[in-house]
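First up is the structure itself, then whatever we jot down about it.
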Amino acid sequence: MEVDCPIDDAKVIEKTNWKSALETYKKHIFHEGDSEDELRIREKAIIALGNLYANQDMAKELAQLTRDIRKYFYMYAKAKTAKIVRMLIDMTSRTNEQDIQINMCLETIEWCNQEKRNFLRHRVETRLASLYLVHKKYDLALNVLQTLLKEAKKLDDKLLLVEIHLIEHKTNFKLENMPKAKAALTAAKTNANAIHCPPIHQAEIDLASGIVALREKDYKTGYSYFYEAFEAFNTAEDKRALDGCKYLILTKVLDKDSQGVSQVVTSKSGLKYANEKEVIALLDVAAALKERSLKKFEQALEKHKELLDKDVTISYHTREILETLVEQNLLRVLEPYSVIDLPYIAKQVDLPRDRTVSKLSEMILDGKLNGTLDQGNGVLLLFTEKKIRPTYDYTLQVIKNTAEVLDSLAESSAKVF
């Protein structure tokens, strides 16, 4: 226990004098000892110094630390080396210079190629692909994954394949390529079922499956996936448990189950997140939708715009609900009329005239409204659907049946003669 004291003491000092702690960490990293105790102290010092740099937003120094400690890696097992490097790369995400994280990955991959450390290279390349995804460099992410996938399949590394296919799914989903996104998700599930998949990875798969189910409007299936993901993240005290809770509420909102919304936040697990800003925002949206008030719904969206737009899935589906509400309100107003003034329509649905006209145009083009806009006179002309009388249908059926009978008689007479 005594050999750990220098690092433990430095961590205490770090709170009041981080520069002094920094020097202590460096002293224990860059000495030439290679005994078992010294190796353990060096490892602790590297992690402690990396955390200090991340906390002080010193991304460049953190990147340099990764380069400087490579000369000591031969002293450690390859798995230990991989763990240290991945932890340092992940620490960079806490700084404001996240582009440096990509450069760290690229440098580490180059070093791995030189040292023939394929295990670490595969993990860092997976991390690089996820960073490209975050930075919306989707083509680069897919290029990295394509090469990585071939190598992982040769090695039959199921756990790595799960991670790769999950990133591939998310990338294709962002590109709105749903067939490829679903295929990648299916591949992730297949590989996960072939091994004892860690609960966190399984929760990620469930979360992704729930998002796909929502896009396909299968709310019951989506809810079951989100529930499994939420419970797993919550048990592991993972911050993504909040996402699971939000998506559970969103699913109930989309399914128009107001009672289900309250059950989510009053459950034993849900109470933990009931006071989170994102959850409160969704509850406000759910309350406005319950009243079927377009104005209140728009007010709720505008009030919590920043929080709701942070999550692409929530933003997509709340906007979808809004458009559906607008269409329903317009159709209800237009139902009794054949000609109606545009200003009157805008007033009845409590929307600006420009937006009302734009929405009416969209509905006409989508075939949801049978009419035309007369902008010159400022009116909407609605056409009644011409219904064909049943007599026509009956006549056509009689002609078809007669033709079939004549064909049958012709065939029979041909056999006789």
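The values are calculated or read from the model by the stated rules, or taken from the named source; none is laboratory data. All figures in this text were calculated on a predicted structure; none of them were measured in a lab. Neighbour counts are summed over all protein chains in view; Cβ atoms, including those assigned to glycine, are modelled from backbone coordinates with ideal geometry.
Looking at (1) at pLDDT 85 or above; (2) among the small types (Gly, Ala, Ser); (3) crowded, with 18+ Cβ neighbours inside 10 Å, which is the only condition Ala79 fails?
(3)
Do you know which of the residues in the range 120-167 that are free of Cβ contacts under 8 Å to residues at least 12 places away in the same chain and buried (at least 16 other Cβ atoms within 10 Å of the Cβ) is nearest to Leu207 (Cα to Cα)?
Restricting to residues being free of Cβ contacts under 8 Å to residues at least 12 places away in the same chain and buried (at least 16 other Cβ atoms within 10 Å of the Cβ), the top hit is Lys137.
Filter the range 121-136 for residues that are touching a Lys or Arg at 6+ places or on another chain (Cβ under 8 Å) and of a type in the set (A, V, I, L, M) and give the result.
Across the range 121-136, the qualifying residues are Val124, Leu133.
Suppose we filter the range 207-232 for residues that are polar (S, T, N, Q) and surrounded by fewer than 18 Cβ atoms within 10 Å (Cβ to Cβ); how many remain?
Residues in the range 207-232 being polar (S, T, N, Q) and surrounded by fewer than 18 Cβ atoms within 10 Å (Cβ to Cβ): 2 in total.
Quick test for you: out of Ile314, Ile340, pick the one residue that is modelled with pLDDT of 85 or more, assigned to a helix (DSSP H, G or I) and surrounded by 15 or more Cβ atoms within 10 Å (Cβ to Cβ).
Every option except Ile314 fails the conditions.
It is to be established whether one or more residues within the range 25-32 are aliphatic (A, V, I, L, M), more than 20 Å from Trp111 (Cβ to Cβ) and either touching a helix residue (DSSP H, G or I) at 6+ places or on another chain (Cβ under 9 Å) or surrounded by 11 or more Cβ atoms within 10 Å (Cβ to Cβ) (or both).
Looking for residues that are aliphatic (A, V, I, L, M), more than 20 Å from Trp111 (Cβ to Cβ) and either touching a helix residue (DSSP H, G or I) at 6+ places or on another chain (Cβ under 9 Å) or surrounded by 11 or more Cβ atoms within 10 Å (Cβ to Cβ) (or both), one finds none in the range 25-32, hence no.
Quick one: would you say Asp366 is surrounded by fewer than 14 Cβ atoms within 10 Å (Cβ to Cβ) and in contact (Cβ under 8 Å) with a residue 24 or more places away in the chain?
For Asp366, the condition - surrounded by fewer than 14 Cβ atoms within 10 Å (Cβ to Cβ) and in contact (Cβ under 8 Å) with a residue 24 or more places away in the chain - is not met.
Could you please let me know if Glu107 is in contact with a His (Cβ under 9 Å, 6 or more places away or on another chain), over 17 Å from Ala79 (Cα atoms), of a type in the set (D, E, K, R) and in a helix (DSSP H, G or I)?
no
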